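Below you'll find the structure, written out as structure tokens, and then a few comments.
The values are calculated or read from the model by the stated rules, or taken from the named source; none is laboratory data. For clarity, every value in this text was computed on a predicted model and none was experimentally measured. All Cβ positions, glycine included, derive from the backbone under ideal geometry; neighbour counts span all protein chains shown. In case anyone asks, the SASA skips ligands and DNA or RNA and just uses the protein heavy atoms, side chains included. Shrake-Rupley method; radii C 1.70, N 1.55, O 1.52, S 1.80 Å.
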Amino acid sequence: MTGELGALRAPRRTGAEPFHRGGEPLGFELADFWAWSVSDLVSNTTRGRLAEYIVARALGISTAGVRAEWDPFDLETPSGIRIEVKSAAYLQTWYQPRLSSIAFSAPATRAWDAETNVWSTEVKRQADVYVFALLLHQDKATLDPLDVAQWQFFVLPTTVLDAHLPGQRSIGIARVQGLCKDCVGFGELAAAVEQAGADRAPR
């Protein structure tokens, strides 16, 4: 073993980087891997990351870097609001006898620091605001997760979740709607998040 074992700083890649054997290109590139591995935008894992990206773009959060896989929250606005994005969808990649029931995961957790590999001792919901992103479209023939008009967003301060659902790990859509009152679209999301985060606890 040589060198330090601190946290890696992943470089932002373009997709043009070649796979190679000791410097000799093999004729296929990183973009080929991306197309193979994440073209199914409806799959649960990829849809979740896509939802984070859509929310980041709606909020004007820079996506020039590289997504941090293990941060205790997903996004942070320029004004310092920490956001957790949770996604759900009525339609799945596989055959469905009926539309999926909608529920979002929102458990309290212990934060982990990639710089130190140390877990926090406090168990809590780590973000200031939750954005529940629902891929609302219900027709597989016209489903397009890249069309932000097919999404709706429910924005809740974490204080509201903690007050009404302190120990609950999963939240059904009816409960989300009851707590949130109104959903917003892509264009209204930034204002809704700023309003929800206005009374966040000081850090």
Straight-line reach only, C-alpha to C-alpha below 19 angstrom: list the lysines that K86 could link to, leaving out same-chain residues fewer than 8 apart.
K124, K181
Hey, what did the chain get for relative contact order, percent, Cα under 8 Å, at least 6 apart?
18 percent
Label point 7 Å beyond Cα of S79 along Cβ direction - residues of the range 123-156 with amide nitrogen under 16 Å
128-131, 155-156
Kirkwood hydrodynamic radius over Cα pairs of the range 109-202, then Stokes diffusion coefficient at 20 °C and 1.002 mPa s, in µm²/s:
141 µm²/s
Cα atoms only, the range 63-144: Rg and Dmax in Å?
16.4, 47
Which of (1) 56; (2) 41; (3) 62 is the computed percent of Cα pairs over 22 Å apart? It is (1)
The range 154-186 and the range 1-52: distance between their alpha carbon centers, rounded to Å
34 Å
What dipole magnitude, in Debye to the nearest 20, does the range 72-198 give about its Cα centre under +1 on Lys/Arg Cβ and -1 on Asp/Glu Cβ?
560 debye
accessible surface per residue for the range 82-135, probe 1.4 Å, DNA/RNA/ligands not counted, whole Å² -> 52 Å²
